[in-house]
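Okay, structure first, notes after.
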Amino acid sequence: MCGLCGEISFEGPGDPGAVERMVDALTDRGPDAGGILGHDRVTFGHRRLKIIGLSSASQQPMQDPELGLTLVFNGCIYNYQSLRDELQGKGYRFFSTSDTEVVLKAYHAWGPRCVDRFLGMFAFAVLERDSGRVVIARDRLGIKPLYYNEAKGRFRFASSPQALLAAGGVDTAIDPVALHHYMSWHAGVPAPLTILKGVRKLGPATILTIEPDGARREETYWTLTVGAREADRGMSEADWREAVLDALGTAVERRQIADVPTGVLLSGGLDSSVIVALLARRGQTGLKTFSIGFDAVNGVEGDEFKYSDIVAREFGTDHTKLVIDGSRTLDALPSAIAAMAEPQMSHDVVAFWLLSQEVARHVKVVQSGQGADEVFGGYHWYPKLMGSQDPVADYARAYFDRDHAEMREALAPDYLNGDCSRDYIARFFSESASPTAIDKVLQLDQQVMLVDDPVKRVDNMTMAHGLEARVPFLDHELVELAARIPAELKVRGGGKHVLKEAARAVVPAAVIDRPKGYFPVPALKHLRGPFYEFVRDVLDRPAARERGLFNRAYVDRLLADPDGTLTPKGNSKLWQVALLESWLQTHGV
């Protein structure tokens, strides 16, 4: 897990200084080492977090003069050892023990579609010395980020927008379509857009090829179709439970591969608990687990320790509980916002930042339960989509933070450009091969919303502290298996039925049958005292008033009644508005 960047110049020499600035901006993602390597008009930069292949032989940018390839890579290829054996059988010689070198050799052996053979999370760029071609790719489910900026005569890419901003020359005007998505979709903005016009992101499961003259082509190498298959007609519910438990067990075992200590973020919910249980079942001992809790606010509990304690006791983990008072949460907010690649409104962002800060003192790798709700149908809006005759309207009603009528109240006229978010959903559903309304929604949430909300959140907050987070529920083989399970077996009983029933073989019933919880940070849902003052100060600053994104009457209404203006998901609309302004101000936009 690292940070990568680079520049491709199409018109004369590039700007190595810009790459140096990008590398410096990525230091948190890779605190252990760094490097820059240029060839002709292409310069790559890298910051390294040492997880696999700890010696300097694994340093990046990695170059193989014999093969004529240079690589920068971020992520982890969990099947790198078997791929290495296969490549050695083809005559390839290795100078390191890293998965990075396996990616480099695999590219030479199989070309850009080497990605089909990778089990893991990754973003990488390869320079072909002889052709001058650069190939950039991102993993199937967008676990690892890849942003880019284009200007006349050059192309820059990096693991974060902060790095691109540090390089300079970025158009920082607000993208109106992205703003509409941000305000509709719980701050999720689908690729290739970001909130800034000059920053774009490579979509998941995408290969981007850039020729020396600047010509480009994109290829989507994997997509997901959700829905029952005729070939699975003979599968009983018991068969699906067994298949899920087996596939998830394989996924968690894969993610223990490391040359450094590993742990698990244990929230006390089903998803992280089953990870711990399956690791224990497969012989893991002395497992380090970590939980976080906050002060209660307005009657909302701020921790779920009673559940995480059950799991820690049951499986004998080396458990650490982090209790955070309100003042520490407030103090951490600016740092958490600075670590966001894009503005993310979810209350638990600061929780992940604080938890990651603590966990990084103990281990360098953790497994986390993100993705289970999207993959196994755990959210409250899924049952409402079963049998829907108008999935676009029903999805928008259940999920959107605001309808378009409220958007007209919220946004300044210059930033209104039609009902972009609803149009996006309609287009996605019409193009989807998934057969039913609920299947289309599950596909949308897995391929789009999951990528640009919870997955990005975990990556940003863990990497702010040089901590690698691995997400077994997004093992693509598990995701493909879950996609075939009939929807009613997923959404029954409030959601995740098949996962809950499968987990009964390994997880205490008290954890499975508990009310559904979320990572609670009550102070950001019910804004009080210094948190309210933080928000009001951000929105009252000259920068916010001069920018004029929001109609002031709308902002004043939110400030007057913060508890009365929650989204359908129970989040603060006031916090969402203030968070965007705070992110822009923090990043000098």
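The values are calculated or read from the model by the stated rules, or taken from the named source; none is laboratory data. Predicted model, so just to flag it, every value in this text is computed and none were measured. Neighbour counts are summed over all protein chains in view; Cβ atoms, including those assigned to glycine, are modelled from backbone coordinates with ideal geometry. Areas reflect the complete protein model, heavy atoms only, side chains present, ligands, DNA and RNA absent. Shrake-Rupley method; radii C 1.70, N 1.55, O 1.52, S 1.80 Å.
May I ask you to list the residues in segment 246-262 that are touching a Phe, Trp or Tyr at 6+ places or on another chain (Cβ under 7 Å) and either outside any helix (DSSP H, G or I) or farther than 21 Å from LEU478 by Cβ (or both)?
ARG255, ILE257
Among (1) in a helix (DSSP H, G or I); (2) surrounded by fewer than 18 Cβ atoms within 10 Å (Cβ to Cβ), where does THR223 come up short?
(1)
Would you pick out the residues in segment 522-565 that are of a type in the set (Asp, Glu) and farther than 21 Å from HIS347 by Cα?
If the condition is that a residue be of a type in the set (Asp, Glu) and farther than 21 Å from HIS347 by Cα, then ASP540, GLU546, ASP556 are the ones that fit.
Part of a strand (DSSP E or B), open to solvent by 10 Å² or more (accessible area, probe 1.4 Å) and under 21 Å from PRO112 (Cα atoms) - does that describe any residue in segment 17-39?
Checking segment 17-39: at least one residue is part of a strand (DSSP E or B), open to solvent by 10 Å² or more (accessible area, probe 1.4 Å) and under 21 Å from PRO112 (Cα atoms).
Would a scan of segment 413-420 turn up a residue that is polar (S, T, N, Q), touching a helix residue (DSSP H, G or I) at 6+ places or on another chain (Cβ under 8 Å) and crowded, with 16+ Cβ neighbours inside 10 Å?
no
Return the only residue of ASP556, ASP563 being charged (D, E, K, R), free of Cβ contacts under 8 Å to residues at least 12 places away in the same chain and surrounded by fewer than 16 Cβ atoms within 10 Å (Cβ to Cβ). Don't jump to the end; show me each part of the working.
Values: ASP563 fails: free of Cβ contacts under 8 Å to residues at least 12 places away in the same chain.
On inspection, the qualifying residue turns out to be ASP556.
Looking at (1) more than 27 Å from ASP563 (Cβ to Cβ); (2) part of a loop (DSSP other than H, G, I, E, B), which one does ALA243 not meet, given that it meets all the others?
So ALA243 meets the others, but not (2).
For segment 46-78, what are the residues that are farther than 20 Å from LEU467 by Cα, of a type outside the set (Ser, Thr, Tyr) and either touching a strand residue (DSSP E or B) at 6+ places or on another chain (Cβ under 7 Å) or in a strand (DSSP E or B) (or both)?
Scanning segment 46-78 gives PRO61, MET62, GLN63, ASP64, GLY68, LEU69, LEU71.
What residue, among those in segment 273-292 that are among the β-branched types (Val, Ile, Thr) and at pLDDT below 95, is least open to solvent (accessible area, probe 1.4 Å)? Break it down into steps so the answer makes sense when it comes.
Applying the first criterion (among the β-branched types (Val, Ile, Thr)) to segment 273-292 yields 274-276, 285, 289, 292.
Now narrow it down to the ones that are at pLDDT below 95: 285, 292.
Working: THR285: 111, ILE292: 12 Å².
Taking the candidates together, the pick is ILE292.
Could you check segment 576-589 and list, in sequence order, the residues that are open to solvent by 10 Å² or more (accessible area, probe 1.4 Å) and either over 15 Å from LEU549 (Cα atoms) or of a type outside the set (S, T, N, Q) (or both)?
Within segment 576-589, THR586, HIS587, GLY588, VAL589 meet the criteria.
If you scan segment 375-396, which residues turn out to be open to solvent by 10 Å² or more (accessible area, probe 1.4 Å) and within 30 Å of MET461 (Cα to Cα)?
Selection gives TYR379, HIS380, ALA396.
Out of (1) on the phi > 0 side of the Ramachandran plot; (2) open to solvent by less than 20 Å² (accessible area, probe 1.4 Å), what's the single condition that is false for GLY493?
Against the list (1) on the phi > 0 side of the Ramachandran plot; (2) open to solvent by less than 20 Å² (accessible area, probe 1.4 Å), GLY493 comes up short only on (2).
Keeping to segment 226-253, report how many residues are touching a helix residue (DSSP H, G or I) at 6+ places or on another chain (Cβ under 8 Å), charged (D, E, K, R) and open to solvent by 60 Å² or more (accessible area, probe 1.4 Å).
Matching residues across segment 226-253 total 4.
List every residue pair whose Cβ atoms lie under 6 Å apart, where the two residues are 6 or more positions apart in sequence or sit on different chains, the first residue falls within segment 74-92 and is within 20 Å of PRO472 (Cα to Cα), and the second residue, located anywhere, is open to solvent by less than 20 Å² (accessible area, probe 1.4 Å) and assigned to a loop (DSSP other than H, G, I, E, B).
ASN74/LYS144; ASN74/SER159; GLY75/LYS144; ILE77/PHE118
So which residues in segment 85-144 are open to solvent by 40 Å² or more (accessible area, probe 1.4 Å), assigned to a helix (DSSP H, G or I) and polar (S, T, N, Q), if there are any at all?
GLN88
If you check PHE550 against the conditions, is it open to solvent by less than 50 Å² (accessible area, probe 1.4 Å), under 29 Å from the mean Cα position of the chain (by Cα) and closer than 28 Å to GLU304 by Cβ?
Considered against the rule, which asks whether it is open to solvent by less than 50 Å² (accessible area, probe 1.4 Å), under 29 Å from the mean Cα position of the chain (by Cα) and closer than 28 Å to GLU304 by Cβ, PHE550 comes out as no.
Quick test of your reading of the structure: ASP475 fulfils all but one of (1) touching a residue at least 60 places away in the same chain (Cβ under 8 Å); (2) under 21 Å from TYR395 (Cβ atoms); (3) open to solvent by less than 10 Å² (accessible area, probe 1.4 Å). Name the failing condition by number.
Of the numbered conditions (1) touching a residue at least 60 places away in the same chain (Cβ under 8 Å); (2) under 21 Å from TYR395 (Cβ atoms); (3) open to solvent by less than 10 Å² (accessible area, probe 1.4 Å), the odd one out for ASP475 is (2).
If I go through segment 566-575 residue by residue, how many of them are charged (D, E, K, R) and open to solvent by less than 50 Å² (accessible area, probe 1.4 Å)?
Residues meeting the conditions: 1.
Quick check on segment 358-372: of everything there that is at pLDDT below 95 and part of a helix (DSSP H, G or I), which residue is most open to solvent (accessible area, probe 1.4 Å)?
Among those residues, the one meeting the criterion is GLU358.
For segment 257-267, which residues satisfy the criterion of being open to solvent by 30 Å² or more (accessible area, probe 1.4 Å) and either free of Cβ contacts under 8 Å to residues at least 40 places away in the same chain or of a type in the set (Val, Ile, Thr) (or both)?
ILE257
Suppose we filter segment 304-343 for residues that are outside any helix (DSSP H, G or I), open to solvent by less than 10 Å² (accessible area, probe 1.4 Å) and modelled with pLDDT under 95; how many remain?
Final tally of qualifying residues: 1.
Please verify whether segment 58-72 includes one or more residues that are over 29 Å from GLU211 (Cβ atoms) and open to solvent by 20 Å² or more (accessible area, probe 1.4 Å).
No: segment 58-72 contains no residue that is over 29 Å from GLU211 (Cβ atoms) and open to solvent by 20 Å² or more (accessible area, probe 1.4 Å).
Pairs under 6 Å by beta carbon, first residue charged (D, E, K, R) in segment 111-136, partner part of a loop (DSSP other than H, G, I, E, B), six or more apart or different chains?
Final answer for the pair search is ARG129/GLY68; ASP130/GLY68; ARG133/GLU211.
Please give the helices (runs of 4 or more DSSP H) falling wholly within segment 392-481 in which 2 or more residues are more than 13 Å from the chain's Cα centre (by Cα), at pLDDT 95 or above and under 18 Å from GLY378 (Cβ atoms).
The helices (runs of 4 or more DSSP H) meeting that bar are 437-444.
Please go through segment 48-57 and pick out each residue that is closer than 19 Å to ASN460 by Cα and open to solvent by less than 40 Å² (accessible area, probe 1.4 Å). Working first, answer last.
Taking segment 48-57 first, the residues closer than 19 Å to ASN460 by Cα are 48-51.
Hits for segment 48-57 are ARG48, LEU49, ILE51.
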